[in-house]
Amino acid sequence: MSNMHPGDPNNNNKNKPEPPLGELIKSMQHFFNEKPIRGFLQSVDDFFKTPFPQGLGFPVDTTDNGKEYIVSAELPGIKREQIQLNIQGHLLTISINNQQIELEEDEIHQVFKQKHFRQYSSRTIALPQAIDEKKIKAYYRDGLLQIHVPQERGKIIDIED
């Protein structure tokens, strides 16, 4: 038996359990402030800040309506001037170069932060024929890039006996 009394000044309440809710809150704070979890939560935030992760392409769809090929690319958050189209033979390359600099200034606390962000991604689409750059048309509206490539019909040659 312990000889400590509740009113005894030597009793530090070391053995007294915390209320269940207080213990839960303390555990949650500890969990979310641990470095691996904090890093994971930051990576989730970064994932949703960027339209498509680096190294991975962006969604591209190619359709053939009989008269032309239509190449569609979903590019949310990308500006028209960040898109570059390159044609080489029967290959169409869509490149995205997104560079941003964020500057935060707090003159009261004299804190200055500068964050550089660069995102480069490209996709190359092979079409069954050479592309005539004079006949190709591209449109960009509301994050959707559409490239119309007319189909060239070759001359049909009759085979003689």
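Which of the residues spanning region 137-161 are among the small types (Gly, Ala, Ser) and under 20 Å from residue 69 (Cβ atoms)?
Selection gives 138, 154.
Check region 75-84 and report whether any residue there is surrounded by 10 or more Cβ atoms within 10 Å (Cβ to Cβ), β-branched (Val, Ile, Thr) and more than 15 Å from the chain's Cα centre (by Cα). Yes, there is a match, as at least one residue in region 75-84 is surrounded by 10 or more Cβ atoms within 10 Å (Cβ to Cβ), β-branched (Val, Ile, Thr) and more than 15 Å from the chain's Cα centre (by Cα).
From the set of residues in region 98-136 that are closer than 30 Å to residue 68 by Cα and among the aliphatic types (A, V, I, L, M), which is surrounded by the most Cβ atoms within 10 Å (Cβ to Cβ)? It comes out as 131. Exactly one residue out of 25, 37 is in contact with a helix residue (DSSP H, G or I) (Cβ under 7 Å, 6 or more places away or on another chain), of a type in the set (A, V, I, L, M, F, W, C), surrounded by 10 or more Cβ atoms within 10 Å (Cβ to Cβ) and at pLDDT below 85, and it is 37. Of the numbered criteria (1) in contact (Cβ under 8 Å) with a residue 60 or more places away in the chain; (2) touching a helix residue (DSSP H, G or I) at 6+ places or on another chain (Cβ under 8 Å), the one residue 85 fails is (2). Scanning region 100-152 for residues that are farther than 23 Å from residue 57 by Cβ, assigned to a strand (DSSP E or B) and not charged (D, E, K, R) turns up 101, 103, 111, 112, 114, 150.
To keep it simple, each residue is scored yes or no on (1) touching a Pro at 6+ places or on another chain (Cβ under 9 Å); (2) modelled with pLDDT under 80; (3) assigned to a strand (DSSP E or B).
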position	(1), (2), (3)
41	no, yes, no
52	yes, yes, no
63	no, no, yes
70	no, no, yes
78	yes, no, no
85	no, no, yes
92	no, no, yes
97	no, no, yes
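What about residue 139, is it in contact (Cβ under 8 Å) with a residue 24 or more places away in the chain and aromatic (Phe, Trp, Tyr)? Here the answer is no, as residue 139 does not meet what is asked.
The values are calculated or read from the model by the stated rules, or taken from the named source; none is laboratory data. None of these values were measured; they are calculated from a predicted model. Counting neighbours? That spans all protein chains shown, and the Cβs are built from the backbone with ideal geometry, glycine included.
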